[in-house]
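The values are calculated or read from the model by the stated rules, or taken from the named source; none is laboratory data. Treat the numbers as computed from the prediction; the structure is a model and nothing was measured. Every residue, glycine among them, receives a Cβ derived from its backbone with ideal geometry; neighbour counts consider all protein chains shown. To get the accessible areas, we keep the full protein, side chains included, count just its heavy atoms, and leave off ligands, DNA and RNA. Shrake-Rupley method; radii C 1.70, N 1.55, O 1.52, S 1.80 Å.
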Amino acid sequence: MKKIVTTIAGLFIAINSFAYSGGNGTEENPYLISSKADMAQLASNVNGGQTYAGNYFLLTCDLTGASDTITTTVGNSDSHYFSGIFDGGEHEIAVNRTGVFGSIQNATIKNLGVSGRIITRSSAHSQSINQFYYYQFYTGGICGEALSSTINNCYNKAVIDVTEEISFLLSSAVGGICGYVDLSSNITNCYNTGNISLLYSLNSSSFLLYSGGICGYVYSNDNITNCYNTGNISSSSNQRMYFGGICGYVYSNGNITNCYNTGNISTPYYHSSGICGQGGIIRNCFVAECQISNKNDAPQARIGRIGGADGTYTNCYAEVLSTFINGDPTNNQDENSKNGKDVSQSELQDQTWLTSTLLWNFDDRWKINADEYPQLIGPAVINLILPEIFYGDQIPLDATSDNNAVPIVYTSSDNDIAEISGSLLIAKKAGRVTITASQEASAGFFAGKETVDLTIRKKELTVTANPATIIYGDDLPATYTCLYDGFVSNDNEDVLTLFPAVSCNATPQSNAGKYVITPSGAEAVNYSFKYVTDTLIINKRDLRVIPKDASRLYGYDNPAFELTYEGFVNGNTVADITIVPTTSTTAVPASNAGEYPITCSEGSAVNYNFDYRTGKLTVNKAPLTVSVNSANRYYGATN
């Protein structure tokens with residue numbers, strides 16, 4: 001059966017690995033989780049039966065935006081569990097509804113943070129008792145249940161606000177990091193700051209509810225080491241409850257070492273305490289600023305500053321002025337009791353005391369600031385934000401870090417694409433590159449780094465068509481030209497791998513007017529193109545309009561004048577004139593004989609300007625007939 005499962009898992013890998021953002025699942029080349037879609041694919045595969053045993057995953061970025069919030073759990077039962085190695089890469093995942101992982105077995109989850117809100121179980125199991133099916137629900141920010149697994153360097157900031165309404169619920173285990181652990185699992189270097197509030201609508205008094213800031217229920221041979229909780233834990237349900245600041249219940253041989261709690265614990269019924277509600281081997285732990293309240297006064301209820309019932313306690317302490325049980329201080333001088341030994345706040349905030357008394361490691365595990373409780377050493381949180389970068393840009397890099405003791409060093413995965421000179425990024429080529437900001441380890445911080453996948457975009461080059469002018473009837477330009485604006489790095493048009501084609505929508509028969517000259521189609525390795533059109537102007541051609549000379553006799557009406565044209569092209573004739581010019585002269589019938597100009601005007605044509613010339617009207621003298629009148633006289637008389 002194991003071989004079949006392995007074969008099926010391998011088949012899933014072959015089929016589904018394409019869905020991730022890269023990698024092949026090896027330690028050297030892990031599957032890259034870079035989006036909500038990647039997480040959804042992982043959940044789909046695991047919940048469908050693939051365990052990813054021995055496969056490696058790396059979260060490459062925070063998934064905390066509104067569109068990135070995770071709503072599907074990876075592994076949802078003991079038959080559908082995750083068995084790979086998931087490295088959160090010091091990144092954070094926001095959840096809405098349930099935790100990141102449901103069920104894990106033989107798995108490692110590390111370097112992962114969780115934020116958001118959890119309102120329902122991460123995994124569920126059913127159990128048949130007297131022909132009834134009873135359910136066990138497990139809920140946690142990192143995972144619901146962990147079997148033979150390791151959870152290291154993780155945190156939960158998500159609010160856990162679970163409300164369940166279900167019949168036949170046998171038990172529920174809820175923890176800020178993990179709900180239920182078993183089979184020699186280890187939770188180390190983890191913390192929870194999210195509040196946990198639980199409400200189960202059940203009337204069954206046999207229902208058991210376990211909750212802790214780190215883990216709800218520890219079954220056997222498991223270890224919780226170097227962890228702390230600052231979140232409040234409460235419930236208003238009326239079932240048997242086991243609540244603790246670190247763990248709710250330890251069944252057998254579970255160790256809680258080097259941990260502390262400052263969150264309030266509030267239950268209406270049964271066992272509760274600052275570290276563990278019941279059971280556990282508890283060593284070198286403390287509580288402070290912790291209000292522990294249990295409203296039930298039944299004799300079987302157990303409550304304490306460190307433990308509730310049945311645990312063993314070694315070298316544990318409680319801050320005397322801020323830790324109360326049901327509103328009352330509890331003074332105690334036995335560091336090996338469930339109430340721990342009284343200690344002052346100043347001691348709990350003093351590295352020397354913590355090192356010598358609690359034996360905590362401040363070399364590579366814990367750190368402390370003045371007037372604060374210890375915090376886990378982690379990598380420096382580096383925040384590198386890059387703007388949109390184009391070929392030729394030179395951008396100063398200015399990452400921020402919570403580690404001010406050592407400088408931030410920048411590197412590029414490909415200096416041919418993006419070269420780093422000190423803190424200056426020089427974009428040398430368009431392409432994809434990874435920029436890394438890193439810091440060496442220093443007091444209070446591990447070595448840390450932040451990587452950003454960067455796309456150097458092509459520089460925009462503006463290609464503008466040159467204008468052109470011709471006269472109607474002339475040949476179109478043999479070629480059209482263009483200008484370039486935007487070259488960088490001493491580039492010129494020689495870097496173009498394909499020159500732009502420049503075209504115009506005019507033809508040899510086009511009328512006078514304006515026509516668009518359009519560049520397009522250029523290509524270059526490092527440039528994108530913005531095209532700007534210009535205009536071909538076809539001007540009207542000059543057309544000479546010449547009135548023909550005419551003549552008439554004095555006293556007569558002017559004749560009809562005729563026009564001749566010189567300059568038609570493209571086979572045009574007078575028929576292509578929109579408005580034929582009119583002619584006129586100053587001569588009237590009574591004008592004296594002589595020469596008078598013939599002029600023309602008011603013509604119009606689409607493709608022609610009129611060059612009006614002047615003709616001549618000659619008014620000739622009219623012929624005059626002179627007749628002698630007949631007369632008579634007498635002979636010899638004077639004429």
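A crude spin-label estimate for the pair residue 411 and residue 591, with each label 7 Å from Cα along the Cβ direction, gives 10.1 nm.
The fraction of Cα-Cα pairs per 10 angstrom bin, counted from 0 for the chain, comes to 3, 13, 16, 14, 11, 7, 6, 5, 5, 5, 4, 4, 3, 2, 1, 1, 1, 0, 0, 0 percent, rounded to whole percents. What angle do you read, to the nearest 10 degrees and between 0 and 90, between the alpha-carbon axis of helix 36-47 and the longest principal axis of the chain? Orientation of helix 36-47: about 50 degrees from the principal axis.
All distinct Cα pairs of region 513-639 go into the 1/r average, and the inverse of that average, the Kirkwood radius, is 20.3 Å. You can think of it this way: the chain between residue 573 and residue 520 has 15.2 nm of extra reach, that is 0.36 nm per residue less the Cα-Cα gap.
If you sort the three axes of the alpha carbon gyration tensor as a ≥ b ≥ c, you get a/c of 1.5 or more for region 247-327 and a/b no higher than b/c, which makes it oblate. Rounded to the nearest 20 debye, the dipole size of the chain about its Cα centre is 1780 debye, using +1 on the Cβ of Lys and Arg and -1 on the Cβ of Asp and Glu. Quick one: if the Förster radius is 41 Å, what FRET efficiency do residue 314 and residue 446 give, using the C-beta to C-beta distance and rounding to 0.05? So the FRET efficiency works out to roughly 0.90. The relative contact order of region 589-639, computed from alpha carbon pairs under 8 Å that lie at least 6 residues apart in sequence, is 37 percent. Estimate the FRET efficiency between residue 37 and residue 609 by the formula 1/(1 + (r/R0)^6), using the beta-carbon distance for r and 56 Å for R0, to the nearest 0.05. For residue 37 and residue 609, the calculated efficiency is 0.25.
Multiplying the residue separation of residue 393 and residue 333 by 0.36 nm and removing their Cα-Cα distance gives an extension gain of 14.9 nm.
With K and R counted +1 and D and E -1, the other residues having a Cβ less than 12 Å from that of residue 323 yield a net charge of -2. Near residue 548, which lysines are there with a Cα under 23 Å away, not counting those fewer than 8 places off in the same chain? Output for residue 548: 616, 621. Taking every C-alpha pair closer than 8 Å and separated by at least 6 residues, the mean separation divided by the residue count of the chain gives a relative contact order of 5 percent. Over all orientations, region 305-416 has a Cα convex hull whose mean projected area works out to 12.0 square nanometres. Remark: spin-label model distance residue 238-residue 633 equals 17.1 nm, labels positioned 7 Å along the Cα→Cβ axis.
With the simple model of a label 7 Å out from the Cα in the direction of the Cβ, residue 602 to residue 362 spans 10.9 nm. Counting only heavy atoms of the protein chains and using a 1.4 Å probe, residue 440 has close to 140 Å² of accessible surface. Using a 1.4 Å probe on the protein heavy atoms, what percent of the accessible area of region 582-625 belongs to carbon and sulfur? The value for region 582-625 is 51 percent carbon and sulfur by accessible area.
For residue 97, the solvent-accessible surface computed with a 1.4 Å probe is close to 120 Å², ligands and nucleic acids excluded. Below 25 Å, Cα to Cα, which lysines can residue 338 reach? Residues fewer than 8 away in the same chain don't count. Correct list for residue 338: 295. Loop sites by DSSP among the chymotrypsin sites (Phe, Trp or Tyr not before Pro) of the chain, restricted to those with at most 10 other Cβ atoms within 10 angstrom, leave 1-633 as the longest stretch without any of them.
Note: relative contact order over region 174-305, using C-alpha pairs below 8 Å and six or more positions apart, is 22 percent.
Any idea what angle helix 2-16 forms with the longest principal axis of the chain, computed on alpha-carbon atoms, 0 to 90 degrees, nearest 10? It works out to around 20 degrees. Distance between the C-alpha centres of region 494-573 and region 224-292: 92 Å, rounded to the whole angstrom.
Among the listed pairs 110/157; 36/458; 429/530; 157/341, give every one whose C-alpha distance is greater than 22 Å. From the list (110/157; 36/458; 429/530; 157/341), the Cα-Cα distance tops 22 Å for 36/458; 157/341.
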